[in-house]
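Each remark here refers to the structure printed beneath this line.
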Amino acid sequence: MKKYVLLLLVCLVITTVARAQREKAYGDDKAFEKSDILLAAGASFGYFGFYGSYTSASIPVIVAVEYGLVKYVSLGGFVSYQSYAYSDTYQETIPPYNNVLYDYVYSAISMGLKGSFHVFPYLNDKFQTEIDDSRMDAYLTAYAGVSLHSYRELTSTGYTGYDKLVPRYIAGPGAGFRYMFINRFGAFAEAGVGAVGFTTIGVVYKL
């Protein structure tokens, strides 16, 4: 009997310690709550804007911050950077109609607003779905802003074309998923029309 009592006490202690460690790591926080400040940094893929062959390119990077305005909605801003060299050919319109190789040396800085609607807390409140949102956060998101493109044209004929800054407006919807490894640190993935590409992955930190 004493052995069973001792075993029960040991199990109780182990369970209590494990629970305390879990609460220390995760607390009672949810992956997203009102008044949260979320700082995210990531890399985008499938970026858009030019067609042709890229002679060199940097992976577009993005940094974003969002604030939990209400229980289901966050709003903030973003800034991103990308650069690459783009090459293609065209045929001259006058004799001898030579094919001309031209290069764009290109870079862009994008900035603007980002807003998200967080799905799991909404479903749990409105439909009593009991989704575990302590670590997981699914959201619908949208970007709106401007991208400042700087590029210079160089051709095989020795002609140097324009060197200018061109603003382009960006806007579009997307969807994302975030998983918190501990209560303040996690990873995220987004798909849709983002700041500089159609897919973005990265890390997120809750301030």
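The values are calculated or read from the model by the stated rules, or taken from the named source; none is laboratory data. Since the structure is predicted, the reported quantities are computational estimates derived from the model, not experimental observations. Quick reminder, even Gly has a Cβ in these numbers, built from the backbone with ideal geometry, and neighbours come from all protein chains shown.
Within the group Tyr81, Tyr72, which residue is of a type in the set (Phe, Trp, Tyr) and at pLDDT below 95? Spell out how you get there, then give the answer.
Numbers: Tyr72 fails: at pLDDT below 95.
Testing whether each residue is of a type in the set (Phe, Trp, Tyr) and at pLDDT below 95 leaves just Tyr81.
For the stretch 27-51, give me each residue that is modelled with pLDDT of 90 or more and part of a loop (DSSP other than H, G, I, E, B). So that I can check it myself, show each step before the final result.
First, the residues of the stretch 27-51 that are modelled with pLDDT of 90 or more: 30-43.
Within the stretch 27-51, Lys30, Ala31, Phe32, Glu33, Lys34, Ser35, Asp36 meet the criteria.
Sort through Tyr169, Tyr143 and tell me the only one that's assigned to a strand (DSSP E or B) and either more than 19 Å from Val73 (Cβ to Cβ) or more than 22 Å from the chain's Cα centre (by Cα) (or both). Let's see the steps before the verdict.
On the way: Tyr143 fails: either more than 19 Å from Val73 (Cβ to Cβ) or more than 22 Å from the chain's Cα centre (by Cα) (or both).
When all the criteria are applied, what remains is Tyr169.
Residue-by-condition table, conditions (1) surrounded by 16 or more Cβ atoms within 10 Å (Cβ to Cβ); (2) touching a residue at least 24 places away in the same chain (Cβ under 8 Å):
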| residue | (1), (2) |
| --- | --- |
| His118 | yes, yes |
| Ile131 | no, no |
| Leu140 | no, yes |
| Ser150 | no, yes |
| Pro173 | no, yes |
| Tyr179 | no, yes |
| Ala189 | no, no |
| Ile201 | no, yes |
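Restricting the stretch 188-207 to residues that are of a type in the set (A, V, I, L, M) and within 10 Å of the chain's Cα centre (by Cα), which is farthest from Lys30 (Cα to Cα)? Let's see the steps before the verdict.
Filtering the stretch 188-207 down to residues of a type in the set (A, V, I, L, M) leaves 189, 191, 193, 195-196, 201, 203-204, 207.
Pick out the ones that are also within 10 Å of the chain's Cα centre (by Cα) and you get 189, 191, 195-196, 201, 203-204.
Numbers: Ala189: 18, Ala191: 23, Ala195: 27, Val196: 29, Ile201: 21, Val203: 17, Val204: 14 Å.
In this case the residue turns out to be Val196.
Name the residues in the stretch 96-127 that are among the aliphatic types (A, V, I, L, M) and assigned to a helix (DSSP H, G or I), would you?
Result: Val119, Leu123.
Within the stretch 84-102, count every residue that is under 28 Å from Leu148 (Cβ atoms) and either modelled with pLDDT of 85 or more or of a type in the set (A, V, I, L, M, F, W, C) (or both). Show your work before the answer.
Keep residues of the stretch 84-102 that are under 28 Å from Leu148 (Cβ atoms), which gives 84-90, 100-102.
Subsequent filtering for residues that are either modelled with pLDDT of 85 or more or of a type in the set (A, V, I, L, M, F, W, C) (or both) retains 85, 100-101.
Of the residues in the stretch 84-102, 3 are under 28 Å from Leu148 (Cβ atoms) and either modelled with pLDDT of 85 or more or of a type in the set (A, V, I, L, M, F, W, C) (or both).
Could you list, in sequence order, the residues of the stretch 71-95 that are farther than 30 Å from Phe32 by Cβ and assigned to a strand (DSSP E or B)?
Keep residues of the stretch 71-95 that are farther than 30 Å from Phe32 by Cβ, which gives 83-95.
Listed by number, the residues that qualify are Ser83, Tyr84, Ala85, Tyr86, Ser87, Asp88, Thr89, Tyr90, Gln91.
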